Amino acid sequence: MPDADASPARHDTIAAIATPAGRGGIGVVRVSGPRAAEIARRLTGTLPPPRRAGLSTFSDARGETIDEGLVIHFPAPHSYTGEAVVELQGHGGPVVMHALLAACVDAGARLAEPGEFTRRAFLEGRLDLAQAEAVADLIDAASRSAARSALRSLKGDFSAAIDALATQLVELRALTEAMLDFPEEEVDTLHRDDAARRLERACAALEAVFARSRQGSLLRSGIHVVLTGRPNVGKSSLLNRLAGEERAIVTPTAGTTRDALREALEIDGVPLVVVDTAGLRESHEEVERLGVERTHREIARADVIVFVYEARAGLGVEERALLDALPADVPCVRVANKVDLLEKPIDAAHAVAVSAKTGAGLDALRRAILDAAGWRPGEETVFLARERHLRALLRARTHLEAASRESGRWELFAEELRLAHAALCEITGEFGADDLLGEIFARFCIGK
């Protein structure tokens, strides 16, 4: 864990408005640090017993009344940050809240930086880094499934899984170090067999954690789905069907869509951003040409590409050329649209047959999009992992695979285990650089 004294302002008393900007029935100013109780007394005159709400009048340094509301005192270490914390709950108007915050600053607090309350909770050992990140993920959750997964991470489920993996590696490292210290032949034979079994178990456990983390990353960041294909194949109609409302303009004229139109929606609790794009074709018309360029940019950053073509025309030379030009590393779902115009059903073995007009085949398309993104339904215990978590798990996997190839060369075996262990510890923050912490907490909202 990072040194609690890493920041020169570590022991300042901080204050911030903890409720969202704008007007509301209630607003909260949060104060944390060694002078929190003293500052609160200057504003209220007295404090109620710990963890009990008391009605109070809030006054500024000149004695002028700001507001009347509730004050709650959380003495250290039994608070969110692990420090003394006071919450001042008043009426949620911006003028009142800023006046109350200014009074706290006049009394000796300083304005909190983004994420500083949660950072202090981490530095005080109240949360590990994965739990701290789960706080922001819970606030930003785009679906109920994402919120449930974030709450599990906040409660420590993800950290417990990482700690269990780290424990296995520590035990294996201890055995390896013992073999290096006592390299008798019979010990080496016993260690070789035991190390192989332990490493195999560790690899299997890591794969299970990675699979659940990969699932959770889809919940956290959502799936970026891009609808593409030639003009007038029904991409905009398909977006309207998926969204359940008329979001895109639909006309018989080819090339109606000139810009990327985004719609946020959910499929089985998984958040998606579906992007309708300009049809792909050569054009000398300036606006349409710019629209096609934007289509290519959207395709380049897609998680899933949905390539739409007309079922009646099938995949012709032009469609196949467009398919071949799509990024090979991005999953692509082929959609044969306008099946309502066919006299008999088509045999689309490698495509999803749909009708944007009638809604036929839409459920199959929704399932195909989730499958292409790697989502597996029924995974209730997924971890809402971030990209840095996935990268750390992949590094740990790489080092464990390297360790499996070093059987008998125990110095190299031990070093690969050490590197795998270090990668896992980065997730919970046991080993972490100050610049990493700064980057993580800077993304939090002020007041959290």
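The values are calculated or read from the model by the stated rules, or taken from the named source; none is laboratory data. Keep in mind the model is a prediction, meaning the values are calculated, not measured. Positions of Cβ are generated from backbone atoms using ideal geometry, with glycine treated the same way; all protein chains shown enter the neighbour counts.
A compact table of results
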quantity: Test: Arg366 is assigned by TED's automatic domain parsing to the domain that holds Leu315, touching an Asp or Glu at 6+ places or on another chain (Cβ under 8 Å) and in a helix (DSSP H, G or I); calculated: yes
quantity: Residues (at pLDDT below 75 and either assigned to a helix (DSSP H, G or I) or of a type in the set (A, V, I, L, M) (or both)) located in the stretch 399-441; calculated: Ala433, Asp434, Asp435, Leu436, Leu437, Gly438, Glu439, Ile440
quantity: Filtered residue count, the stretch 69-90, keeping only those that are modelled with pLDDT under 95 and surrounded by fewer than 17 Cβ atoms within 10 Å (Cβ to Cβ); calculated: 3
quantity: Cβ pairs under 6 Å, 6+ apart, first in the stretch 205-228 and buried (at least 19 other Cβ atoms within 10 Å of the Cβ), second charged (D, E, K, R) and assigned to a helix (DSSP H, G or I); calculated: Leu206/Arg397; Arg220/Asp137; Val226/Glu298; Leu227/Lys235
quantity: Check on Ala53, surrounded by 22 or more Cβ atoms within 10 Å (Cβ to Cβ), in contact (Cβ under 8 Å) with a residue 12 or more places away in the chain and of a type outside the set (Ser, Thr, Tyr); calculated: no
quantity: Checking Val273 against (1) among the hydrophobic types (A, V, I, L, M, F, W, C); (2) at pLDDT 85 or above; (3) over 28 Å from Ala392 (Cβ atoms), the condition it does not meet; calculated: (3)
quantity: Among (1) in contact with a strand residue (DSSP E or B) (Cβ under 8 Å, 6 or more places away or on another chain); (2) closer than 30 Å to Arg120 by Cβ; (3) modelled with pLDDT of 90 or more - the single one Ala353 does not satisfy; calculated: (2)
quantity: Among (1) of a type in the set (A, V, I, L, M); (2) in contact with a Pro (Cβ under 7 Å, 6 or more places away or on another chain); (3) in a helix (DSSP H, G or I) - the single one Val71 does not satisfy; calculated: (3)
quantity: Test: residue in the stretch 45-55 that is within 15 Å of Val105 (Cα to Cα), assigned by TED's automatic domain parsing to the domain that holds Gly92 and not in a loop (DSSP other than H, G, I, E, B); calculated: no
quantity: Ala336, sole failed condition from (1) at pLDDT 85 or above; (2) surrounded by fewer than 20 Cβ atoms within 10 Å (Cβ to Cβ); (3) more than 14 Å from Val226 (Cβ to Cβ); (4) of a type in the set (A, V, I, L, M); calculated: (2)
quantity: Some residue of the stretch 199-215 being modelled with pLDDT under 85 and among the hydroxyl-bearing types (Ser, Thr, Tyr); calculated: no
quantity: Scope the stretch 289-305; condition among the aliphatic types (A, V, I, L, M), out of contact with any strand residue (DSSP E or B) (no Cβ under 8 Å at 6 or more places or on another chain) and over 11 Å from Ala278 (Cα atoms); matching residues; calculated: Ala300
quantity: Evaluation of Glu171 against (1) buried (at least 18 other Cβ atoms within 10 Å of the Cβ); (2) among the charged types (D, E, K, R); (3) more than 30 Å from His224 (Cα to Cα) (one fails), failing number; calculated: (1)
quantity: Any hit, the stretch 33-47, residues being within 30 Å of the chain's Cα centre (by Cα) and within 29 Å of Asp137 (Cβ to Cβ); calculated: yes
quantity: Among the candidates Ala40, Ala21, Ala36, residue that is surrounded by fewer than 19 Cβ atoms within 10 Å (Cβ to Cβ) and either modelled with pLDDT under 95 or closer than 21 Å to Ala107 by Cα (or both); calculated: Ala21
quantity: Any helices (runs of 4 or more DSSP H) falling wholly within the stretch 85-194 and containing at least 1 residues that are closer than 30 Å to Thr44 by Cβ and under 33 Å from the mean Cα position of the chain (by Cα); calculated: 94-106, 116-123, 129-140
quantity: Unique residue being buried (at least 20 other Cβ atoms within 10 Å of the Cβ) and either of a type outside the set (Val, Ile, Thr) or modelled with pLDDT under 95 (or both) when the list is Leu101, Leu47; calculated: Leu101
quantity: Residue within the stretch 84-91 that is in contact with a Leu (Cβ under 7 Å, 6 or more places away or on another chain) and closer than 21 Å to Pro114 by Cα present; calculated: yes
quantity: Residues (at pLDDT 85 or above and under 21 Å from Leu394 (Cβ atoms)) located in the stretch 217-255; calculated: Ile223, His224
